[in-house]
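K.L.:
My questions all concern the structure below.
The values are calculated or read from the model by the stated rules, or taken from the named source; none is laboratory data. Keep in mind that what you see is a predicted model, and the values were worked out from it rather than measured. Cβ coordinates were reconstructed from backbone atoms using ideal geometry, including for glycine residues, and neighbour counts include every protein chain displayed. In case anyone asks, the SASA skips ligands and DNA or RNA and just uses the protein heavy atoms, side chains included. Shrake-Rupley method; radii C 1.70, N 1.55, O 1.52, S 1.80 Å.
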Amino acid sequence: MIIVIFGVSGAGKTTVGKMLAEQLGWHFLEADDFHPAANIEKMRNGDPLTDEDRWPWLDCLRKQIEQLLSAGDNAVLACSALKRAYRDHLRVSDQIKFVFLCGDHALVEKQLRSRRRHFMNLDLLQSQFDNLEEPQADEHVLTVALGRTPEAIVEEIEAKLHLAKNA
């Protein structure tokens, strides 16, 4: 199984994703690690990515997911996946589960301001919310509210997805 933790930058995808993967004994993938240098530079400079910027990155992530599944490996992937088309592109089988970290602009901005050593320019947060297509019921996404500790969020994900620790 691959669990994709998604949401806007600053929502806590990496923190929650790493914690969940560690508790389950699964691989962890940070989607930002797969961005080409040009994308990272654009974001550093405060320039939002376009769909044209994102599709090669999404193709790379899809290949990673396919490789993990074909090897029989479980993983947690932290990825913005802001639009439904992006999520649909990553959903290569029914073994992909999506978890949306949902919070309002003020809460996420507060979290983003406390973060260190990340390339995401705070000025881009509004563009992230502008691009966000909240999941629809037919996507079968688990939506988890922010505003709690990462531990509480991970506990909710494990319970709602019926995950056994160190599985």
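K.L.:
Any residue at all in the stretch 79-87 that's small (Gly, Ala, Ser) and either in contact with a Gly (Cβ under 6 Å, 6 or more places away or on another chain) or closer than 22 Å to Glu109 by Cβ (or both)?
P.N.:
Yes, because at least one residue in the stretch 79-87 is small (Gly, Ala, Ser) and either in contact with a Gly (Cβ under 6 Å, 6 or more places away or on another chain) or closer than 22 Å to Glu109 by Cβ (or both).
K.L.:
Looking only at the stretch 1-14, count how many residues are closer than 19 Å to His89 by Cβ, open to solvent by less than 20 Å² (accessible area, probe 1.4 Å), in a loop (DSSP other than H, G, I, E, B) and touching a Lys or Arg at 6+ places or on another chain (Cβ under 8 Å).
P.N.:
So the count comes out to 1.
K.L.:
Another question, if that's okay. Scan the stretch 32-67 for residues that are in a loop (DSSP other than H, G, I, E, B) and small (Gly, Ala, Ser) and jot them down.
P.N.:
Gly46
K.L.:
Right, something else. Say we look at the stretch 15-31 and pick out the residues that are part of a helix (DSSP H, G or I) and open to solvent by 50 Å² or more (accessible area, probe 1.4 Å); which of these is nearest to Arg91 (Cα to Cα)?
P.N.:
This residue is Lys18.
K.L.:
Could you run through the stretch 130-156 and say how many residues are touching a helix residue (DSSP H, G or I) at 6+ places or on another chain (Cβ under 6 Å) and not in a loop (DSSP other than H, G, I, E, B)?
P.N.:
5
K.L.:
Tally the residues that are surrounded by 21 or more Cβ atoms within 10 Å (Cβ to Cβ) and either touching a His at 6+ places or on another chain (Cβ under 8 Å) or free of Cβ contacts under 8 Å to residues at least 60 places away in the same chain (or both), restricting the search to the stretch 76-97.
P.N.:
Adding up the residues that qualify gives 2.
K.L.:
Let me ask another. Determine if the stretch 32-45 includes at least one residue that is touching a residue at least 40 places away in the same chain (Cβ under 8 Å), among the basic types (Lys, Arg) and loosely packed, with under 15 Cβ neighbours inside 10 Å.
P.N.:
The answer is yes, given that some residue of the stretch 32-45 is touching a residue at least 40 places away in the same chain (Cβ under 8 Å), among the basic types (Lys, Arg) and loosely packed, with under 15 Cβ neighbours inside 10 Å.
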